[in-house]
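What follows is calculated from the coordinates using simple rules that are stated; it is not laboratory data. In this text the structure is predicted, and so the values were computed from the model without any measurement. Neighbour counts are summed over all protein chains in view; Cβ atoms, including those assigned to glycine, are modelled from backbone coordinates with ideal geometry.
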Amino acid sequence: MDLPTSFIEKYQHLLGEESAAFFAALVDGQPVKGFRLNTAKPDAEAMLEKYGPDRANAPYAENAYIGAVKGKSLLHQAGYVYSQEPSAMIVAAIAQAQPGERVLDLCAAPGGKSTQLASQLNGEGLLVSNEIFPKRAKILAENVERWGFSNVVVTNHSPQELSRHFPAFFDKIVVDAPCSGEGMFRKDPVAVAEWHSDAPQQCAMRQQEILIEAVKMLKPGGQLIYSTCTFAPEENEAMISWLVETYPFAIQSIDMDNVAHGRPNWGHVPDIEKTIRLWPHLNQGEGHFAAKLQYQAEAKPVKTKKQKTKSGQSKVDQATMKLWQNVQELFPFLAANEGVLQVFGEQLWLVPKDMPSLKGLKVLRPGLHIGTLKKNRIEPSYAVAMAFLAGSQGPTVSITIDQWKQYVTGQTVTVPGNTGWVILQVDAVPVGIGKQVQGIVKNFFPKGLRFQVD
């Protein structure tokens, strides 16, 4: 890898004698792959042992491993694992979302932080995962669906648009900001090619615009977790200094091992050393910066809008409620969900009870997709199978790993019986929805997700 000349000159000046080790780690070091395990899935540890890759424990996060998982694998398709670079796991680990909290992942795609935050909430409270770019938001929604938690809403907005809907609403907001990407140089040649000397300052201006909107959505007393995957002081210590000088924030300590700290001479407010950094020559993983800040503004009365119907969304009539009761009887684990039942076109959803009005929001995933309304029935969705977590009850049919390979391509599979709607499982791993009729399981794996196993 050839580092840009202006990048070398900049960090020779900033790091002095330390710069030689820094450049050597960037040029000669190898990026490390990692993944997290979704322990809410049935027999997660045992299934990882049976179907997972070779691995070692990873730093910075719980249920995290160093190792490579394939996207076209059983555990990935079923939402048991999420491939994520180890240092990127540190952001949600710092957030430490607590069950019952309202959390916003403002720049969420492709979903690493959101799936990690969802695991921390464990189905209680609300997670809004937002992504400004539609194609990336679609990928985010797919990853969130596989992870299986019903209290996650995926939106597609700019921060300026989103802030109008959630004034002073969230207990915690995670802003993993778009940045100059210097910390990704070892793993992404494109990041090196696109870097230029003005990039950090240009990104810093964009980051300020995002943070201005994030602050509007944070409750007094709430926490803002800010992070980047760059080394640039303009986007890190200087950005936190600007936040503290502009708003009533206090920098909080981050108690973690195997991290470096923010550099006081690169910021200009007290406690900047309480922020953390990951350097390729000092710590495991790629480059990262993170800060946790407490919002010390005075509380003001805020009126939040209750959920209302909007275009394409209608109230649930008695006939639909009866069909919903039938689905709950078939899949009893759904009855424990405290969401609000809503209809969008022909689609039935459970919207998290803490979610305010959906009016005016571009929502890709308003909660848990129950299924499609047909004449006198509901056709259960793939999301129902993904939400079949540990302890769930409902009709299941076991298939082999070879039958699973057929299933994900859209083929029917042969299993004796005549049960009707079932959750298909490989061992304990729920992989999708099927309809078993006279020994044939009809395939309802979504067409857009189908693939050939290598």
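Computed quantities for the displayed model
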| read-out | value |
| --- | --- |
| Eligible lysines near LYS442 by straight Cα distance, threshold 20 Å, same-chain separation 8 or greater | LYS374, LYS375, LYS405 |
| Dipole of the chain [Lys/Arg +1, Asp/Glu -1 at C-beta], most positive-end residue of SER241, TYR226, LEU358 | LEU358 |
| Global geometry of the range 377-454, whether rounded, prolate or oblate, following the gyration tensor of its Cα atoms and the 1.5 cut on a/c | rounded |
| Theoretical ellipticity at 222 nm over the chain - DSSP helices of four or more residues, -39500 (n - 2.57) apiece, nearest 500 | -8000 deg cm²/dmol |
| Gyration tensor over alpha-carbon atoms, the chain, equivalent ellipsoid semi-axes in Å | 41, 27, 17 |
| Amide hydrogen neighbours beyond the local backbone of GLY222, cut-off 5 Å, H modeled | TYR295 |
| At R0 = 35 Å, FRET efficiency that the Cβ-Cβ distance of LYS375 and ARG136 yields, to 0.05 | 0.45 |
| Gyration tensor (alpha-carbon) shape descriptor, the range 314-363, a/c threshold 1.5 | oblate |
| Only Lys, Arg (+1) and Asp, Glu (-1) charged, at Cβ; the chain dipole about Cα centre in debye | 2440 |
| Amide hydrogen neighbours beyond the local backbone of VAL154, cut-off 5 Å, H modeled | SER129, LEU364, ARG365, GLY367 |
| Whole-Hz ³J(HN,Hα) from phi, Karplus 6.51 cos²θ - 1.76 cosθ + 1.60, for the range 443-450, glycine and proline x | 8, 10, 5, x, 4, x, 9, 5 |
| Alpha-carbon centroid distance for the pair the range 398-420 / the range 145-197, whole angstrom | 37 |
| For ILE210, ILE8, ILE173, order by how many other beta-carbon atoms lie within 10 Å, fewest first | ILE8, ILE210, ILE173 |
| Chymotrypsin sites (Phe, Trp or Tyr not before Pro) restricted to the range 347-452 and DSSP loop, no more than 13 other C-beta within 10 Å | PHE451 |
| Förster radius 56 Å - calculated FRET efficiency between ALA24 and ALA336 (Cβ-Cβ, nearest 0.05) | 0.55 |
| Footprinting exposure proxy for TYR60, TYR11 (fewest neighbouring C-beta atoms within 10 Å first) | TYR11, TYR60 |
| 3J(HN,Hα) from dihedral phi, the range 119-136, Karplus parametrisation 6.51/-1.76/1.60, rounded to Hz, x for glycine, proline | 5, 5, 6, 6, x, 10, x, 9, 10, 9, 10, 10, 9, 6, 8, x, 5, 5 |
| Per-residue ³J(HN,Hα) for the range 389-396, Karplus 6.51 cos²θ - 1.76 cosθ + 1.60, θ = phi - 60°, Hz, x for Gly and Pro | 8, 3, x, 6, 10, x, x, 10 |
| Per residue convex hull volume, Cα atoms of the range 153-206, in Å³ | 132 |
| Pairs from LYS72/LYS172; LYS172/LYS315; LYS219/LYS359 whose Cα-Cα separation, in the structure shown, is over 28 Å | LYS72/LYS172; LYS172/LYS315 |
| Shape call, the range 87-295: gyration tensor on alpha carbons, a/c limit 1.5 | rounded |
| Dipole-positive endmost among PRO53, GLY67, ALA40 within the range 1-84 (Cβ charges, Cα centre) | ALA40 |
| The chain - share of DSSP beta bridges that are antiparallel (%, nearest 5) | 75 |
| FRET efficiency, 1/(1 + (r/R0)^6) with R0 25 Å, evaluated for HIS196 and GLU62 via beta carbons | 0.10 |
| Relative contact order of the range 87-295, pairs being alpha-carbon contacts under 8 Å that are 6 or more residues apart, as % | 20 |
| Sequence-separation-based contact order of the chain, relative, with Cα cut under 8 Å and 6+ spacing, percent | 14 |
| Amide proton proximity set for TYR60, modelled H, under 5 Å, gap of 5+ | none |
